[in-house]
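Have a look at the structure below before the remarks.
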Amino acid sequence: MAITYGLTCTAMNKVHLKRKITNRVASGHPWIFANEVEKVEGEPAAGSIVQVYFFDGKFAGQGYFNAQSQIIVRLLTQNKNVEVNDTFFLDKINECWNYRQRLGYTENCRLVFGEADSLPQLIIDKFNDYFVIQTLALGIDVWKPAIVKALQTVFKPKGIFERNDVPVRELEGLPSVKGYLSDPFNTKIQINENGLKFNVDVENVQKTGYFLDQQDNRKAIQNIVKGADVIGAFTYTGTFEIHAGFYGAKSVLGLDISESAVTQANENAVLNGLQDKVKFQVANAFDVLKQWGKEDKRYDVVMLDPPAFTKSRATIEKAITGYKEINLRGMKLIKKGGFLVTSSCTNLVKPELFLQIIEMAARDAKRKIRQVVFQTQSADHPIIWNMENTQYLKFLIVQVL
Ligand code: SAH
């Protein structure tokens with residue numbers, strides 16, 4: 001007998017949609033809000049699979065149900081004939097891995113990027129032989145054993161860890177948990193990126209342990225940092241700064257407010273034999289950059305990768321002010337002809353708005369700028385155009401004149 005861990009659709013509970021949501025769902029958007037549902041047929045259990053129909057009775061897809069969530073259904077497939085079971089997840093994981101390999105990823109990548117891979121609320125990061133999972137909604141959480149089994153089948157991993165210690169799970173009535181989903185292993189692992197080594201502690205650090213989304217962008221600084229005096233702020237474990245040292249910077253100083261991030265960043269510098277050139281200090285970047293501006297300190301390259309500043313649309317002004325302020329302070333420190341490398345990781349600030357913020361900062365700093373590169377997150381975090389949450393990272397290099 002095939003074991004199914006999730007709750008399957010044998011009872012064939014049905015959800016009928018209101019007319020107004022037709023276009024969005026038909027164009028592939030997987031979210032259905034409670035107020036977009038006309039009628040629920042049967043009594044679907046929280047986390048179970050339901051069949052979804054458009055207002056006119058046409059089949060819309062199959063997805064997972066949770067009446068406790070504002071998003072009452074998240075669609076997993078538009079195919080009526082496929083059964084959501086262990087094989088479904090095995091096929092999906094294979095599909096995701098084939099796609100990443102096609103794009104050139106071999107060791108580390110975001111293997112599954114939720115909605116953008118038609119696996120809503122599932123995140124899987126691959127760090128060589130180790131995997132870190134987040135299941136952020138009940139309907140995907142119930143399939144965790146099937147997902148783990150699929151990873152074991154495809155990769156024979158050395159370890160799988162769950163980082164479900166995130167507040168968003170509360171919206172789904174899920175507890176905050178972290179721990180092994182495989183035999184225990186040493187969670188301090190080492191990865192290679194662009195020829196450099198980085199320690200990643202998948203148990204104790206932010207997100208799933210490492211910002212894979214900037215891995216393509218870290219390569220983009222290669223030419224501008226040669227022979228340069230560089231400062232980086234919001235460095236976390238120092239990935240951009242260590243790349244700068246490796247790519248031939250004269251000196252690199254990284255700043256982060258978190259002591260443990262700075263300790264790890266300094267360890268990463270040592271790991272790559274770059275400790276004489278690349279150093280990290282604990283500091284509030286806002287204060288220090290302002291101070292150095294007053295002291296007329298100047299650098300060839302300033303790199304900024306601040307946190308989101310806001311998580312809600314209501315306080316978007318706060319984020320705009322934060323981004324403008326830090327970029328203004330950074331720009332003032334750049335020698336004529338030097339470069340600003342700057343990022344924003346919230347999807348609430350759209351690319352056009354981000355460029356406007358940088359333009360405002362340049363105006364206030366009385367500097368002219370010209371764009372060198374403007375790109376987004378790494379390609380292993382696919383973007384689906386009608387799902388705004390899938391595009392979130394902005395990465396910009398400008399020359400500052
Ligand atoms: N560039 C990093 C990711 C940065 S995450 C990478 O690619 O890996 C944002 C970092 O900003 C966090 O490490 C956080 O500790 C730090 N941070 C937040 N507020 C800060 C502040 N006011 N001054 C300095 N660092 C800050």
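Which whole-percent values make up P(r) of the chain when all C-alpha to C-alpha distances are grouped in 10 Å steps starting at zero?
The calculated distribution, bin by bin, is 5, 21, 29, 23, 14, 7, 1, 0.
Apply the Karplus parameterisation 6.51 cos²θ - 1.76 cosθ + 1.60, with θ equal to phi minus 60°, to every residue of segment 292-301 and state each ³J(HN,Hα) to the nearest whole Hz, in sequence, with x for glycine and proline.
5, x, 5, 7, 6, 6, 9, 9, 7, 9
Could you order peptides 244-257, 188-201 by the average number of other Cβ atoms within 10 Å of their residues, highest first?
244-257, 188-201
Between K39 and K294, what is the FRET efficiency for a Förster distance of 60 Å, r being their Cβ-Cβ separation, to the nearest 0.05?
Taking R0 as 60 Å, the efficiency between K39 and K294 is 0.40.
Quick one: putting +1 on the C-beta of Lys and Arg, -1 on the C-beta of Asp and Glu, what dipole do you get for segment 290-386 around its Cα centre, in Debye to the nearest 20?
So the magnitude is around 480 debye.
Mind giving me the nanometre distance, one decimal, between the label points for Q68 and R363, set 7 Å out from Cα along Cα→Cβ?
4.9
Give the residues of segment 337-376 whose amide nitrogen is closer than 16 Å to a point set 7 Å from the Cα of I316 in the direction of its Cβ.
So the set is 345-358.
Would you mind getting me the FRET efficiency between V166 and K336? Use the beta-carbon distance for r and R0 = 51 Å, nearest 0.05.
0.70
Determine the calculated [θ] at 222 nm for the chain from helices alone, applying -39500 (n - 2.57) to every DSSP H run no shorter than 4 residues and normalising by the residue count; nearest 500 deg cm²/dmol.
-8000 deg cm²/dmol
In the chain, what % of DSSP beta bridges are antiparallel (nearest 5)?
Taking every DSSP beta bridge within the chain, about 65 percent pair in antiparallel fashion.
Stokes-Einstein at 37 °C, 0.692 mPa s, Kirkwood radius from Cα pairs: D for segment 71-192 in µm² s⁻¹?
For these conditions, the coefficient is 220 µm²/s.
Treating the beta-carbon of each Lys and Arg as +1 and of each Asp and Glu as -1, no other charges, what is the dipole magnitude of the chain about its Cα centre, to the nearest 20 debye?
1360
What residue among G245, F113, P184 has its Cα farthest toward the positive end of the dipole of the chain, where the charges are +1 on Lys, Arg and -1 on Asp, Glu, each on the Cβ?
Toward the positive end, the furthest listed residue is G245.
Report the one residue of T376, V278, M331 whose Cα lies farthest in the direction of the positive end of the charge dipole of the chain (charges on C-beta: Lys and Arg +1, Asp and Glu -1; origin at the Cα centre).
Selected residue: M331.
Placing +1 at every Lys and Arg Cβ and -1 at every Asp and Glu Cβ, with all other atoms neutral, what dipole size does segment 21-63 have around its Cα centre, in debye to the nearest 20?
160
Nearest 0.05, what FRET efficiency do L353 and M12 give at R0 = 35 Å with Cβ-Cβ as r?
The computed FRET efficiency comes out at 0.20.
None of the figures in this text is laboratory data; all of them are computed from the coordinates on show. Just so we're clear, the structure is a prediction, and the values are computed from it rather than from any experiment. Note: ideal-geometry Cβ built from the backbone for every residue, glycine included; neighbour counts use all protein chains shown.
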